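Trainee: Dropping a structure here in structure tokens format, bear with me for questions.
The numbers here are math on the coordinates, done by the rules we state, and not lab data. None of these values were measured; they are calculated from a predicted model. Neighbour counts run over all protein chains shown; Cβ positions are idealised from the backbone, glycine included.
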Amino acid sequence: MHPPLIDPFARPITYLRVSVTDRCDFRCVYCMAEHMQFLPKADLLTLEELDRLSTAFIGLGVRKLRITGGEPLVRRGIMGLLRQVSRHLGAGLDELTLTTNGSQLARHAAELADIGVRRVNVSLDTLDADKFAAITRWGRLPQVLEGIRAATDAGLRVKINAVALKGVNDSELIEIVQWCGDQGHDLTFIEVMPMGEMGEENRLDQYWPLSDLRARLAERYTLIDLAERTGGPARYVQLAQTGQKIGFITPLTHNFCESCNRVRVTCTGELFMCLGQEDNADLRAPLRASSDDAALRETIRAAIARKPKGHDFDYSRQAVAGQMTRHMSHTGG
Ligand code: SAM
Ligand code: SF4
């Protein structure tokens, strides 16, 4: 056993998100430009490298692993990787999860459950088919709803992640909440973050502060603040009338970095210690330099020693500050 990863602010790093591809079958307006330049395949970590890397982190105390992208289920061989990594479940790893747009879930849900995945996060911002097509540009709502149904049928718990978008899903707030309640899905709202160039889309036009969303919810439901923390940035309320739990990820209106326990690795092996900072460490070089993991572990440890306190996103003064040049699909949301 190696000593666990503890950052300079005494936060134990127990949660890793790994992006397995920068590609996607959707082009969500807040995430990608319509015509994206994707990375050359040779730059991507191979499935074997992704397994080695995940295994090294688990050896250093990571207990929760989330596979993301881009769209993780469009990476060829992804199910094989998940099966490989699942050998650590119950042997260091507590949870193996996935964030997906749901488009390929119908095909993979049963196998995911068989592998030992218990929960998936599905991104779904609207229940209106036309709006869905407009937000995702290339996505179709029925396909995603079918995927979500397949996941539920396979026994997976589904958490819906919805980005709060002014002029888009603000009119559907109660409907989305009720649908999740009826279907038994957890629900978390996310503020749109300044990640990457969007082309013609204006980020400030899309931004719907969750403080406002929360006030709108409070007109309809009694909100009970929950003390519950998952180590992540989400804060939860319970709706007294239905018992539903709703999460809020509010990087803009509130910054909850102090309890951050996570780091992210991109599909090319860059380790980002914070979603909202540029500093990163190249893990691909030590992975490719040697079949021994000692140098890889040392690189990880040195990077964790530089993990910053938090991000600098800010939309005040009607301008976007703290903007990241990389897209969310690159770092892995
Ligand atoms: N393709 C998968 C999906 O959509 O769930 C996984 C990757 S996606 C980058 C992960 C999450 O990031 C999604 O929930 C998406 O809504 C969110 N996301 C993307 N760009 C964002 C942005 N600029 N601000 C806030 N959330 C964003
Ligand atoms: Fe693809 Fe997910 Fe980004 Fe949408 S949010 S474009 S589904 S990676």
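Trainee: On C-alpha positions alone, give me the angle between the axis of helix 141-153 and the longest principal axis of the chain, in degrees, nearest 10.
Mentor: It works out to around 70 degrees.
Trainee: Mind computing the radius of gyration and Dmax over the alpha-carbon atoms of region 1-89? Å is fine for both.
Mentor: So, for region 1-89, Rg and Dmax equal 15.1, 46 Å respectively.
Trainee: A further question on this structure: Set the Förster distance to 51 Å, then compute FRET efficiency between Asp292 and Phe38 from the Cβ-Cβ distance, nearest 0.05. Please list the in-between numbers first.
Mentor: Numbers: r = 31 Å, r/R0 = 0.62.
Between Asp292 and Phe38 the formula returns 0.95.
Trainee: Below 8 Å between Cα atoms, with a sequence gap of 6+, how large is the relative contact order for the chain in percent? Mind showing how you got there, number by number?
Mentor: Values: 671 pairs, mean separation 70.2, N = 333.
Computed over the chain, the figure is 21 percent.
Trainee: If you don't mind, another one. I need the peptides 130-142, 57-69, 216-228 ranked by packing, meaning the mean over residues of other C-beta atoms within 10 angstrom, with the highest value on top. Spell out each step's value before the answer.
Mentor: Numbers: 130-142: 16.5, 57-69: 22.0, 216-228: 12.3.
Ranking the peptides 130-142, 57-69, 216-228 by packing returns 57-69, 130-142, 216-228.
Trainee: Follow-up. Enter the angle in degrees (range 0 to 90, nearest 10) between the Cα long axis of helix 294-304 and the first principal axis of the Cα atoms of the chain, meaning the one along which they spread out most.
Mentor: Relative to the chain, helix 294-304 is tipped by roughly 40 degrees.
Trainee: Normalising by the residue count of region 82-212, find the relative contact order in percent from Cα pairs under 8 Å and 6+ residues apart. Write down the numbers at each step before the final one.
Mentor: Numbers: 186 pairs, mean separation 29.9, N = 131.
For region 82-212, the relative contact order is 23 percent.
Trainee: Still on this structure: What does the charge count around Leu217 come to, taking other residues whose C-beta lies under 14 Å from its C-beta (Lys +1, Arg +1, Asp -1, Glu -1)?
Mentor: Charge balance near Leu217 sits at -1.
Trainee: Can you check what the net charge comes to around Lys64, using other residues whose Cβ is under 11 Å from the Cβ of Lys64 (Lys, Arg +1; Asp, Glu -1)?
Mentor: Details: positive: Arg17, Arg63, Arg66, Arg119, Arg262; negative: Asp94, Glu95.
Spelling it out: positives minus negatives among the neighbours equals +3.
Trainee: Would you tally the net charge around Glu48, using a Cβ to Cβ cut-off of less than 13 Å, leaving Glu48 out, and scoring K and R as +1, D and E as -1? Please list the in-between numbers first.
Mentor: On the way: positive: Arg52, Arg284, Arg288; negative: Glu49, Asp51, Asp293.
Within the 13 Å Cβ shell, the charges total 0.
Trainee: Let me ask another. Along Cα→Cβ, 7 Å out, is where each label goes; now give me the distance between the ones at Arg83 and Asp114 in nm to one decimal.
Mentor: 0.8
Trainee: Taking the chain as a Gaussian network, Cα atoms linked when under 10 Å apart, which of Gly184, Gly90, Gly276 shows the biggest mean-square fluctuation?
Mentor: With Cα springs under 10 Å in the chain, the top fluctuation among Gly184, Gly90, Gly276 is at Gly90.
Trainee: When the Debye formula is applied to the Cα atoms of the chain, each taken as the same point scatterer, what base-10 log of I(q)/I(0) results at q = 0.08, 0.13, 0.16 Å⁻¹?
Mentor: So the normalised log intensities are -0.35, -1.00, -1.59.
Trainee: Between the helical axis of 105-115 and the dominant principal axis of the chain, each derived from Cα atoms, what acute angle in degrees is found, rounded to the nearest 10?
Mentor: Long axis of 105-115 versus the principal axis of the chain: about 50 degrees.
Trainee: Gap in Å between the Cα centre of region 62-116 and the Cα centre of region 131-196?
Mentor: Between the Cα centre of region 131-196 and that of region 62-116, the gap is 20 Å.
Trainee: What is the set of long-range amide H partners of Arg157 at a cut-off below 5 Å, with H atoms built 1.01 Å from backbone N?
Mentor: Residues meeting the criterion, in which the H sits 1.01 Å from N, are Arg119, Val120.
Trainee: So what's the back-of-envelope 222 nm ellipticity for the chain, counting only DSSP H runs of four-plus at -39500 (n - 2.57) apiece and dividing by all residues, rounded to 500?
Mentor: Details: 11 runs with 100 residues, N = 333.
For the chain, the value works out to -8500 deg cm²/dmol.
Trainee: Right, next: Given labels modelled 7 Å from the Cα in the Cβ direction, how far is it in nm from Ile174 to Ile6?
Mentor: So the label points at Ile174 and Ile6 sit 5.1 nm apart.
Trainee: Per-residue counts of other Cβ atoms within 10 Å, averaged by peptide: what ranking do you get for 93-103, 77-87, 144-154, highest first? Before the final figure, lay out the partial values.
Mentor: Numbers: 93-103: 21.3, 77-87: 17.3, 144-154: 19.4.
Put in order of decreasing packing, that is 93-103, 144-154, 77-87.
Trainee: Now, a different point. State whether region 46-170 is rounded, prolate or oblate according to the following rule on the C-alpha gyration tensor (a ≥ b ≥ c being the square roots of its eigenvalues): a/c under 1.5 gives rounded; otherwise a/b larger than b/c gives prolate, and the remaining case gives oblate.
Mentor: Verdict is prolate for region 46-170.
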